[in-house]
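First the structure, in the form of structure tokens, and then the observations on it.
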Amino acid sequence: MKTVYHKSDSRGHANHGWLNSYHTFSFANYQNPERTNFGVLRVLNDDTVSQGMGFGAHPHRDMEIISIPLEGDLEHKDSMGTTAVIKKGEIQVMSAGTGVQHSEYNKNKDEEVKFLQIWVFPRELNVEPRYDQKSIKEGEKVNGFQQILSPNKNDDGVWIHQDAWFNLANFTKGNGKNYVFNKKGNGVYAFVLKGSAKVGDRVLNERDGLGIWDTQSFNIEAIEDTEILLMEVPMELPSYLK
């Protein structure tokens, strides 16, 4: 088993007043050659947006973009004609493909919105742009893994153009479970949303991250009530990036 550990306070940080953002991997003005990506996981931003503020229309292409609200409501508009609001308990995906523009705003004037912005390299270029969002409340599991993303259109959660599986892990103190990889050659980036847990041989606290690969499985044990996002992704970059 190989691992890479990222303590929460080692992340890049940018506070623009209306936006307070922590970057696990290189992004914008935070550039760290040792933290460019984890396999095809390119961006993991932990964003807080002030009341009524947000990101104006901007372009993307050839990227799978996932948003997971943690608090508040996030309004999305894009050049495909989509207007939607995503809330805590939902997940959103946008396949940028051949090109799309979108904007994201805090829907509320009286509270912040906090969300994870995640980018994954697709397995192929120039796919048709698409948007989807789904509730993940109904599938909530205590002391187990809840799949919220996969490569398969008929699976639980949303799907993307990549051999990736995301799970939410919710464990009460003292409980845990063994995670088994879905595909050989993949790695898992575990990101603690709240609480603390032993993941493999490492104790992780809130907003710590741990990448794990070259193994078939690893164990999670909650030290206190804990919520963890597990992002399983291919470790080998697609051929167009080589």
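If you take just the strands (runs of 3 or more DSSP E) that sit entirely in the range 59-107, which of them hold at least 2 residues that are modelled with pLDDT of 95 or more and among the aliphatic types (A, V, I, L, M)?
The qualifying strands (runs of 3 or more DSSP E) are 64-71, 83-87, 90-95.
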Of the residues VAL4, VAL85, which is among the hydrophobic types (A, V, I, L, M, F, W, C), touching a residue at least 60 places away in the same chain (Cβ under 8 Å) and open to solvent by 30 Å² or more (accessible area, probe 1.4 Å)?
VAL4
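When the range 151-170 is examined, which residues are found to be in contact (Cβ under 8 Å) with a residue 12 or more places away in the chain and either surrounded by fewer than 16 Cβ atoms within 10 Å (Cβ to Cβ) or closer than 17 Å to GLY89 by Cα (or both)? Break it down into steps so the answer makes sense when it comes.
Taking the range 151-170 as the starting set, the residues that turn out to be in contact (Cβ under 8 Å) with a residue 12 or more places away in the chain are 151, 156-170.
Passing the criteria: PRO151, ASP156, GLY157, VAL158, TRP159, PHE166, ASN167, LEU168, ALA169, ASN170.
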Over the range 7-20, the set of residues over 30 Å from ASP201 (Cβ atoms) and open to solvent by less than 30 Å² (accessible area, probe 1.4 Å) is ALA14, LEU19
If we keep only residues of the range 88-107 that are more than 21 Å from MET53 (Cβ to Cβ) and among the polar types (S, T, N, Q), then the residue least open to solvent (accessible area, probe 1.4 Å) is SER95
Hey, could you check the range 95-136 for residues that are among the small types (Gly, Ala, Ser) and more than 25 Å from LYS242 (Cα to Cα) and say which is nearest to the chain's Cα centre (by Cα)?
SER135
So which pairs qualify, if the first residue must be in the range 9-34 and under 20 Å from VAL120 (Cβ atoms), the second must be acidic (Asp, Glu) and surrounded by 14 or more Cβ atoms within 10 Å (Cβ to Cβ), the Cβ gap must be under 6 Å, and the two must be at least 6 apart or on different chains?
SER21/ASP47; TYR22/ASP46
Any residue in the range 39-59 that is under 16 Å from VAL85 (Cα atoms) and touching a residue at least 24 places away in the same chain (Cβ under 8 Å) sitting within a Cβ distance under 6 Å of a residue that is open to solvent by less than 20 Å² (accessible area, probe 1.4 Å) and aliphatic (A, V, I, L, M)? List the pairs, counting only those 6 or more apart or interchain.
VAL49/LEU19; VAL49/VAL113
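Report yes if some residue within the range 108-128 is touching a Phe, Trp or Tyr at 6+ places or on another chain (Cβ under 6 Å), open to solvent by 10 Å² or more (accessible area, probe 1.4 Å) and either modelled with pLDDT of 95 or more or farther than 26 Å from MET53 by Cβ (or both); otherwise report no. Break it down into steps so the answer makes sense when it comes.
Filtering the range 108-128 down to residues touching a Phe, Trp or Tyr at 6+ places or on another chain (Cβ under 6 Å) leaves 125.
So of that shortlist, the ones also open to solvent by 10 Å² or more (accessible area, probe 1.4 Å) come out as 125.
Imposing the further condition that a residue be either modelled with pLDDT of 95 or more or farther than 26 Å from MET53 by Cβ (or both) reduces the set to 125.
Yes, the range 108-128 has at least one match.
What are the residues in the range 129-145 that are open to solvent by 10 Å² or more (accessible area, probe 1.4 Å), of a type outside the set (D, E, K, R) and farther than 11 Å from ILE65 by Cβ, if any? Before the answer, list the steps.
Residues of the range 129-145 open to solvent by 10 Å² or more (accessible area, probe 1.4 Å): 129-143, 145.
Still in the list and also of a type outside the set (D, E, K, R): 129, 131, 133, 135-136, 139, 142-143, 145.
Selection gives GLN133, SER135, ILE136, GLY139, VAL142, ASN143, PHE145.
The values are calculated or read from the model by the stated rules, or taken from the named source; none is laboratory data. Note that this is a predicted model, so its numbers are computed, not measured. Because the Cβ atoms are built from the backbone with ideal geometry, glycine has one as well, and the counts that use them run over all protein chains shown. Heads up: the accessible areas ignore ligands, DNA and RNA and are worked out on the full protein's heavy atoms, side chains in. Shrake-Rupley method; radii C 1.70, N 1.55, O 1.52, S 1.80 Å.
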